[in-house]
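Nothing in this text is a laboratory measurement; each read-out follows from the coordinates by a stated rule. These figures come from a predicted structure and were not determined experimentally. We place every Cβ from the backbone using ideal geometry, glycine too, and count neighbours over all the protein chains shown.
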Amino acid sequence: MRIIFIRHGMTAGNIEKRYIGSTDEPLCSEGQDKLRSLDIPKCDVVFCSPMKRCIQTAEIIFPSQKFEIEAGFRECDFGNFEGRNYMELSGEPYYQKWIESGGSLPFPNGEDPLAFKDRCTAAFEGVIAVHRDTPSIGFVVHGGTIMSILEKYAVPYREYYDWHCENGHGYICSWNGSELNIMEKI
């Protein structure tokens, strides 16, 4: 089975390097324009996060295709970090502790990173279980969602942050029933 992961296009918050997780921010015009230049292979089915930025991305890169919304693919809720960038957070002691932890501490008033990863991988497993005989599946989701799934299933193994991809980019993989093999970076 071929699996395509695409991170949503750029938003104003992405340009400003803000933590945009639970904020339902739309794509900016620059993000929309960049997506229109992509040539993404068609997929038999497409799944999408319920956030505006992912829905808009799916509408642009898969214009004639219906897609299904999967709530489990939402981005992490960054709690008190939400909507802020590293410059605005640099004086906060907990932010420094979070950085020093390699991003493993829970977000204050937000989501625990382990719970987030479990949510994303459970959603992926659910889609794969239902569509195990489908030749190709597209996922239009968030960077954190992609990193969570690839950290658990991609071979060779790489850490969560090693799977980071830019807005409008992602990975084409093959799924053998238990592992994702990266075929191409988009």
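A few remarks follow.
- Rounded if a/c under 1.5, otherwise prolate or oblate - the stretch 17-59, Cα gyration tensor axes: oblate
- Dipole of the stretch 1-108, positive end: most advanced residue of Q32, Q65, G83 [Cβ charges, Cα centre]: Q65
- With the simple spin-label model, which puts each label point 7 Å out from Cα in the Cβ direction, the V155 to S90 separation comes to 4.4 nm.
- Compared with the alpha-carbon gap, the fully stretched path from K52 to L38 is longer by 3.1 nm at 0.36 nm per residue.
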